[in-house]
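The numbers here are math on the coordinates, done by the rules we state, and not lab data. As the structure is a prediction and not an experimental result, all values here were calculated from the model. Here the Cβ is made from the backbone with ideal geometry for all residues, glycine too, and neighbour counts use every protein chain on show.
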Amino acid sequence: MLLVTYRNLIKNKTYTFINIIGLALGLAAFILISAYVHFERSFDRMHTDAADIYRVESRFFKGDEMTDDWATSTNGYAPAMKLNFPEIADYARINWNNSERVVRYKDTKNREQHVCFADSNFFKFFSFPLVKGDASTVLRDVNTIALSESEARKYFGGADPMGKFLDITTLSDTYHCMVTGVFKDVPKNSSIQFNFLVSWASSPKWVKDFWYMHESYTFVKLKPGATATAVEDKFPALAEKYKTGESLKELKWAIKLVPLTEVHLNPPKQYDVEVNGSRGAVNFLNVLAYVILIIACVNYINLSTTKAIDRAKEVGIRKVSGANALQLIVQFLMESMILNTIAIILAITLMMSAQYFLPQFLGSGSTVGLLFDGALYLRVVLVIVGGILLSGIYPAMVLARVNPIVVLKGRYAFSKSGILLRKGMVAFQFTASLLLIAGTFAVYRQISFMQSQKTGVNINQTLVFKAPVGTTGYDQKVLSFKNAIKSIPGVNVITASGPVPGKEVGKFAADRRFGAPRKDERLFEMLRVDHEFIKAYGLELIAGHAFDKSRAADSTGVILNEAALKQFGFASPEEAIGQKVWLETLDKQPNEVIGVIKNYHQQSLQLKYTPIILFMDPKLGWVPTEYYSVKMANANVQGVVSNVKREWDSFFPESSFDYFFLDELYNRQYFQDVQFGRIFMLFSSLAIFIACMGLFGLTAYSTARRTKEIGVRKVLGASVSNIMSLLTMDVIKLILICSMIAIPVAWLFIGQWLQSYAFRVGLNWWQFALPVASLIIIAVCTISYLTYKAAHSNPVRTLRDE
């Protein structure tokens, strides 16, 4: 039996090669995509009680209209909910406010991300494992800190960090914290990322349970039988007891309890700290994995059944010699198993190779976030076994049913149902290919659109560095530092601000027009700037003037973007100039609107324009200066960076110098979209290639069986072009029929996908006509060589051989 299998595989080298390569590519793609999908869906499932944990997200309503929807909540929500709602079993908070801090130990100092305050029960609430320290006491006392294993090695080397002290510094505060715990590095598939956790007891007293700063993640565990809806429904009434301040008093405060395991794949919201995944993209890639695998199996089945005529005589002789149907089925299943085994070995080889080239192709430092566990292994094994059975049983059943008498008389032919089934499978391949090509066009157009659109802000030639931490004589040092930077050759201007373009403004205030009642308060993003900001970033003034040093009153003036203008209710930019507005915490004196700027994209085109107020008023001290931006001429960039660092070290030796180039930061917002586009285009191209391989094999066989017909037609005067047209027309007709199915489906799904972007390309007829034309060209090119060769063969030789 093995010898017969070997002979058949060697005899049909072309078909064996196509089947093995097609199956190997299909399996490799399926496993790689499945691993990526599994990783994206595995976020936050490592916690013991993950199914009972919810993130408390904030919502505000004016009447029935939701005005704001934030991923965070205030520090006061959790203890009030625990006290008043019997459904709450426990809670834990992690505060992200000013979580970027300078950490120092002796001579080692670094500006670290994710230095957060966390509740004392944090390591009991979640399942982040501690390497050193006790989960019950690690964050119990004032000025204690836990850090990750990687950070422990960075600051303490091989020494035991327990009991040693770290200095944690920001612009406004410093903490001298004793290390009481070390935890394992937070896994990548966690939506809660942190490197250092300072005890909640260390935070200022007024902040601990404060109800008016929505800058913490709050998590709650529900008791058995409790529902999220019940808690959500009761929260607005609870909020009325605690929102004692005047700010936002007229708005309805509500919450949304979001299951922890769903957070990562939900659409991003304001105040989301981590970059979210895309549930739509993950689901689509999961479908794509099965489509690729099915296309590979369809190729195998089509080629195997098409070769049935050549093997029918073999089957007939074996039946006459006494072989039964079961023996024949086992024979063909063995051939399928051997082919699949070879394909699996090749697929594993391709996967191992992908570990090296995929990260470079995708622009990622890791292997596409692969994560394997028992469930994924079982899924892959079941698919492989299913593929062996599916791709072996159907051809075996077809051949096992042949009538040996008919076969030996040479009159065996395919049944009508068999022909229809094969055409149906080819039609599936064409339909899937059309959908993939249309999707590829759509993804490419949307990404190109976002990257090429005018942002309304000049981000070129901009060096940005983070503000220094607090020091003696801070304001005078900053002024002297800025003057020193201006004198560096190649520097055009230096400007100070809150978040730079590419980052969420993130500081909100409840503001209203002067003379308007408190019920008209709405939330605005507050962006601290200086006199040079608007000019430096090329923002377009459409009314009024920019901040002017010669106008003393401008120091308390404000400039609105168009979204803020609309939210305040001004009819036009001109009407707003000279009007006054109340800013939250500045109720004693209103601020005058001195200018209106055109909307610009503070963040990517995925997000809508948000209402932003630019201000300089020193009384709004709770909104800090976070960045300094240096606009450079076309000069020696590294020379400018070196000179700026030299001045920095002279003025701020206690702070690390952390810089980046703004265009790189801004474009990084599109990283996930670009990565998804590349993944999609790579595997879509692979699916189309596998389909074309199958088409090539089918065409090669059908052309070989029509050599007599081609010879007769040439003798009767048919030209080469006539014969090529004849042999390709069936394929073109089939593609056009498939397009009638594929185009409406593609239109629907692409339209839904584009809805996730605030700024997006439109749907045009040509972007669906192009995939049809492309597939026709691909199919025709695939079969042209074989058709051309057959059409040019000598008809005398063909007819003589027949």
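Once you sort the root eigenvalues of the Cα gyration tensor of the range 585-688 as a ≥ b ≥ c, which label holds: rounded (a/c under 1.5), prolate (a/b larger than b/c) or oblate (the other case)? Oblate shape, in that a/c is at least 1.5 and b/c is the bigger or equal ratio.
Each residue of the range 471-485 was assigned a 3J(HN,Hα) from its phi angle through the Karplus expression (A = 6.51, B = -1.76, C = 1.60, θ = phi - 60°), giving 7, 5, x, 4, 4, 5, 4, 4, 4, 5, 4, 4, 5, 5, 5 Hz with x at Gly and Pro. In the neighborhood of TYR242, defined by Cβ-to-Cβ distances under 15 Å, what is the net charge if each Lys or Arg adds +1 and each Asp or Glu adds -1? Local net charge: +4.
Cβ-Cβ distance of GLU246 and TYR356, R₀ of 51 Å, FRET efficiency by 1/(1 + (r/R0)^6): the value works out to about 0.25.
With a Förster radius of 41 Å applied to the C-beta separation of LEU83 and TYR290, the computed FRET efficiency comes to 0.25. Site pair ARG279 and GLN638 shows an inter-label distance of 4.8 nm when each label is modelled 7 Å from Cα along Cα→Cβ. Close amide H partners of ASN492, meaning residues 5 or more places away or on another chain with modelled amide H under 5 Å apart, are LYS631, MET632, ALA633. Annotation: aspartates and glutamates with alpha-carbon distance below 17 angstrom to LYS588 (same-chain offsets under eight excluded): GLU246, ASP511, GLU521, ASP617. Reported value for the range 481-591: 131 Å³ per residue, from the convex hull of its C-alpha atoms. For the listed residue pairs LYS205/LYS249; LYS507/LYS608; LYS580/LYS619; LYS62/LYS580, the alpha carbons are over 20 angstrom apart in LYS205/LYS249; LYS62/LYS580.
Between ASP209 and LYS234, what's the calculated FRET efficiency when r is the beta-carbon distance and R0 is 30 Å? Round to 0.05. The value I calculate is 0.95. Projected label points at LYS486 and ASP141, each 7 Å from Cα along the beta carbon direction, are separated by 5.0 nanometres.
The local environment of LEU251, defined by Cβ-Cβ distances under 14 Å, has a net charge of -2 under the rule Lys, Arg +1 and Asp, Glu -1. If Lys and Arg each add +1 and Asp and Glu each add -1, what is the summed charge of the other residues whose beta carbon sits under 14 Å from the beta carbon of ASN492? So the surrounding residues net to +3. Our coupling estimate for the range 273-283, obtained by passing each phi through the Karplus curve with A = 6.51, B = -1.76, C = 1.60 and θ = phi - 60°, is 7, 8, 7, 7, x, 10, 4, x, 5, 5, 4 Hz, Gly and Pro reported as x. If you take the Cα centroid of the range 536-588 and the Cα centroid of the range 589-638, the two points sit 12 Å apart.
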